[in-house]
Amino acid sequence: MKGGNNLLYNLRKYRVAYAYIAPFYILFLVFGIFPMVAGLFLSFFRWDGLGSMHFIGVENYINLLGDALFWKALQNTVFIGIIAHIPILLGGLILAYILNSKLVHGQNLFKTIYFMPMVTSSVAITIIFANLFGYNYGLLNYVLSLFGKGPVNWLGGDGSLIRVAVIVMFAWKWIGWNMVIYLAGMQGISNDIYEAARIDGASHSRIVFSIVMPLLKPIILFTLIQSTIGMFNLFTEPFVLTGGLGGGTNNGGLTLMMYLFSKAPQGGNAYGYASAIAYVITVMIVIISVILNKTMGRDKA
Amino acid sequence: MKKKLQKIVSVLLITGMCASMVTGCGSKAAQATTEEAGKEIAAAVDADPASIKAHIEVGGWPSGDDGFKAAMEGFNAIYPNIEVELVFTDTTSHHQALQTALAAGEGAPDVAMVEGAYIAQYRNSTALTDLNLLGAQDLKNDFGAFKWEQAVSDDGTRLVAIPWDLGPTLYYYRTDVFEEVGLPTDPEEVAELMKTWDGVLEVAEKVSIPGQRWFLPSAAYPYQWMFINRDYYDEKLNLVLEREGDLECIDACLKIRENGWDMDIDMWSGEAYAAYAAGTCVSVAAGSWFSGFLKTDIDPDGAGHWGATVLPGGMPATNWGGSFLVIPEQSENKEAAWAFVKYMLATAEGQNAMFKAVDYFPAYEPAWTAAPELYTDPDPYFGGQSPNAIAAKIAAEVPTVYNTIMDTTAEGYIYSSFNAGAEAGETPEQIRERLGSDIEAACAELKQQQIQTLKDAGVWQE
């Protein structure tokens, strides 16, 4: 009772303040919290989106764990993510270092150019890349033919090369984003440290690995979490490249998000099952974020 | 104090949310049209068209809107007081928005387009008006049975949509290339020549120049044409892949692949589109709506070097897609909505006006005889041939099939399973087997969903 009175009292006392912040909370409630809770709720049902809902407990989750395509999609997604992170991390760091150390002019121009892929429509990018990786008329195969190599069916064949195209696109997109964040971080590192290192005769690579990287740890952690989420959300690039929800030959380009979409709402209308997939992806993102935080974030504070 | 307040606020928020979810689901079942109400609507539409005053929203995807615009004048001449607002977006977004609006019980347009591949998801839905109550059963004989049956609920009682257009499957080929290599270009002669797989391979060999010109976008497609009615599952939901002549078909496909007579790419890719226009990909098959694609999008300057005929390899008549119109139960203007659907889809005037504008081949058969010239006149784009006349003949032969929600997923696998099998050097039997297991794996959950839907409809027997 007392709690209730206090609540009412507080609501009245701070009503103006609450009214001011209300728009955010109402929108967040409607578009943020509600879908999250509704999705969890749905994942315990079998529902076609129109008819009646049938409670089936954890059956969706059990079926999911026994679904070979789910594991294939997970394997593809993680493989693409891990390989792509090598150029994303190293490329981002090196580019940021080059720009920061004033080795080149036109810092802002480069920043803008490298950041561009992040804000360009994925569909437009993918159409360009599909042409680069084309089998009969692709630019890449043309270059190969100059060296006397036969055309490679990047997007067909046995499906294993689709991932190459996806990795290139994924890395290309995220390098610029990481670079901009790292650059901001590097500018926060005192110039004295760089100067001291240089006076001591440290090479550029030595400075990057022994000074910049340790000092940037929290920032690297942030970008890692961001691009990990990006990895799990990977959809448009493989979808447009392979022209369908199966991910091409032998499901070579099938990612988790495509797998989700193939159950609902695009390939079918198994909304309960699709919600279960969404929750499994969420749990994986949370686990990976926690691990990253634990391993990298500890000595930061 | 503050902690406590936070706790209480969050409890309240969650309770409120659950409550709104429960009520949201509860209010979903919109007021179903009763038999009397249906009769009243039907009578009003027929008796006194001018008395219907309403503003209706019609939703769909391009180029349906251009079709409606072309027929709007005729519609408003009969129904002067119905104002139509077109709400159009791309196909995928349209279906997602429609699905959401139907589930929510509000926000759907008064009339909505539904694509053929999606109709199996809607046929049992009570969120759509039973058009039989509005007198649609009287129109049944004017439409091809195979298309009409797709919109009938599984228990056979309700009709949720009226068919708009058909997609009789045609084989499109470059007449200029055929002529260059000494092959006939007349549709009948081409059909005769390619009736057997040996004939198909002969043509493939003649038109192809390895690395420069190809017979097809992918050797997988002739196998896909066998299933283009989307009849993968029978009514017991058993996957049925055996077809008459299917192994011979796969065998021919493999030979096309081995000899490098196909481009080995997706027929809808930018690369394939460029090759159709350049004449380096010599043939492709699709629903007759592909004529419109060629004219407006793929090869606008290609008049005179395309031909179209029936599918090769002695394959039966098939239909590739085509859309429907539905009236959501939540519509408050059912009279005007029904008047619109009836005029657009079930009058020769409406259908033919749209056919002329956007090449949507009418599912309404009386339209074919009402303006025969539209269907038989030589088409300058096709060098004076008439693909529509062939399409009309095919349409009359398409069998009635059983469609399910698994169809689109199954269809996607023919291309990739064939490619995987060909890459692994498999025999036709092995490729068919591989396709079967790939489809079963990908459709496992959708099949459970379909069984549940059939159970809810009371027509599923274990």
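We did not get these values from a lab; they are worked out from the coordinates using the rules stated. Please read all numbers here as calculations on a predicted model, not as lab measurements. Neighbour counts are summed over all protein chains in view; Cβ atoms, including those assigned to glycine, are modelled from backbone coordinates with ideal geometry.
Think of each Lys and Arg Cβ as +1 and each Asp and Glu Cβ as -1; about the Cα centre, that makes the dipole of the protein assembly as shown roughly 5560 debye.
Put simply, the C-alpha atoms of segment B:229-376 give a gyration tensor, and the ellipsoid matching it has half-axes of 34, 23, 15 Å, longest first. The Rg/Rh ratio of chain A, with both radii computed over alpha carbons and Rh defined as the Kirkwood radius, is 1.06. Segment A:226-301 and segment A:16-61 have Cα centres separated by 20 Å. Could you give the Stokes-Einstein D for segment B:51-112 in µm² per second, using the C-alpha Kirkwood radius, 20 °C, 1.002 mPa s? Using the Kirkwood radius from Cα pairs, D works out to 172 µm²/s. Taking every DSSP bridge with both residues inside the protein assembly as shown, close to 70 percent are antiparallel.
With only Cα atoms counted, chain B has Rg and Dmax values of 24.5, 92 Å. Phi-derived couplings, Karplus 6.51 cos²θ - 1.76 cosθ + 1.60 at θ = phi - 60°, listed residue by residue for segment B:400-407: 6, 10, 9, 10, 9, 6, 7, 4 Hz, with x used for Gly and Pro. Going from the fewest other Cβ atoms within 10 Å to the most, the residues A:His204, B:His95, A:His85 appear in the order A:His204, A:His85, B:His95. Mind checking segment B:242-284 for GluC sites (Glu not before Pro) that DSSP puts in a loop (not H, G, I, E or B) and that have at most 16 other Cβ atoms within 10 Å? For GluC sites (Glu not before Pro) across segment B:242-284 that sit outside H, G, I, E and B with at most 16 neighbouring Cβ atoms in 10 Å, the list reads B:Glu242, B:Glu244. Note on segment A:2-42: Rg/Rh from Cα positions, Kirkwood definition for Rh, rounded to two decimals, is 1.17. Close amide-amide hydrogen proximity is noted between B:Phe361 and B:Leu166, each under 5 Å apart and 5 or more residues distant or on a separate chain (H modeled in the peptide plane; Pro and chain starts excluded). Shape index of segment B:83-224: Rg/Rh, with Rg the Cα radius of gyration and Rh the Kirkwood radius from the inverse mean 1/r over Cα pairs, equals 1.15.
Exposure proxy shown here: for B:Thr408, B:Thr427, the number of other Cβ atoms within 10 Å sets the order, fewest to most, as B:Thr427, B:Thr408. Here segment A:61-300 is treated with +1 on each Lys and Arg Cβ and -1 on each Asp and Glu Cβ, and its dipole about the Cα centre works out to around 120 debye. Exposure here means at most 16 other Cβ atoms within 10 Å; with trypsin sites (Lys or Arg not before Pro) in a DSSP loop as sites, the longest stretch of chain B lacking them is B:244-462.
Only one residue of A:Ile220, A:Gly156, A:Met179 has its Cα farthest out toward the positive end of the dipole of the protein assembly as shown, where Lys and Arg carry +1 and Asp and Glu -1 on Cβ, and that residue is A:Ile220.
Checking every one of the GluC sites (Glu not before Pro) in segment B:281-364 against DSSP loop status and a limit of 13 other Cβ atoms within 10 Å picks out B:Glu332. The convex hull of the Cα atoms of segment B:365-457, projected and averaged over all directions, covers 10.2 nm².
Calculate the mean, over all residues of peptide B:121-132, of how many other protein chain Cβ atoms lie within 10 angstrom of the residue's Cβ. Please list the in-between numbers first.
Numbers: counts 7, 4, 0, 3, 4, 3, 3, 1, 0, 0, 0, 0.
What the average comes to for B:121-132 is 2.
Per residue of A:240-248, other chain Cβ atoms within 10 Å of the residue Cβ number 5 on average. In this structure, the residue pairs whose Cα-Cα separation is over 29 Å, taken from A:Lys173/A:Lys217; B:Lys195/B:Lys342; B:Lys295/B:Lys334; B:Lys206/B:Lys295; B:Lys342/B:Lys393, are B:Lys195/B:Lys342; B:Lys295/B:Lys334. Distances between placed amide hydrogens fall under 5 Å for A:Phe45 paired with A:Ile56, all partners being 5 or more residues away or on another chain. Residues B:Tyr381, A:Tyr20, A:Tyr273 in ascending order of nearby Cβ atoms (within 10 Å, fewest first): A:Tyr20, B:Tyr381, A:Tyr273. Averaged over peptide A:265-276, the number of partner chain Cβ atoms lying within 10 Å of each residue's Cβ comes to 6. The orientation-averaged shadow of the Cα convex hull for segment A:1-148, equal to a quarter of the hull surface, comes to 20.2 nm². Work out which trypsin sites (Lys or Arg not before Pro) in chain A are exposed loop sites (DSSP not H, G, I, E or B, at most 12 other Cβ within 10 Å) and give the longest gap free of them. In chain A, the maximal stretch lacking such sites is A:150-301. Annotation note: chymotrypsin sites (Phe, Trp or Tyr not before Pro) in segment A:128-183 located in DSSP loop regions with a Cβ neighbour count of at most 12 within 10 Å are A:Phe147. Across q = 0.19, 0.22 Å⁻¹, segment B:159-271 modelled as identical point scatterers on its alpha-carbon atoms has Debye log10 I(q)/I(0) values of -1.11, -1.36, in the order of the q list. Relative to the compact-globule estimate of 2.2 N^0.38 Å, the Cα radius of gyration of segment A:96-214 comes out at 1.44. Stokes-Einstein diffusion for segment B:117-194, with the hydrodynamic radius set to the Kirkwood value over Cα pairs and evaluated at 25 °C in a medium of 0.890 mPa s, equals 158 µm²/s.
Computed from Cα positions, the angle between helix B:35-47 and the longest principal axis of chain B comes to roughly 70 degrees. In the frame of its principal axes, the protein assembly as shown has Cα extents of 89, 80, 51 Å, reported largest first. Against the main long axis of the alpha-carbon atoms of chain B, helix B:2-26 sits at an angle near 70°. Spatially, segment B:237-259 and segment B:129-202 are offset by 21 Å when compared through their Cα centroids.
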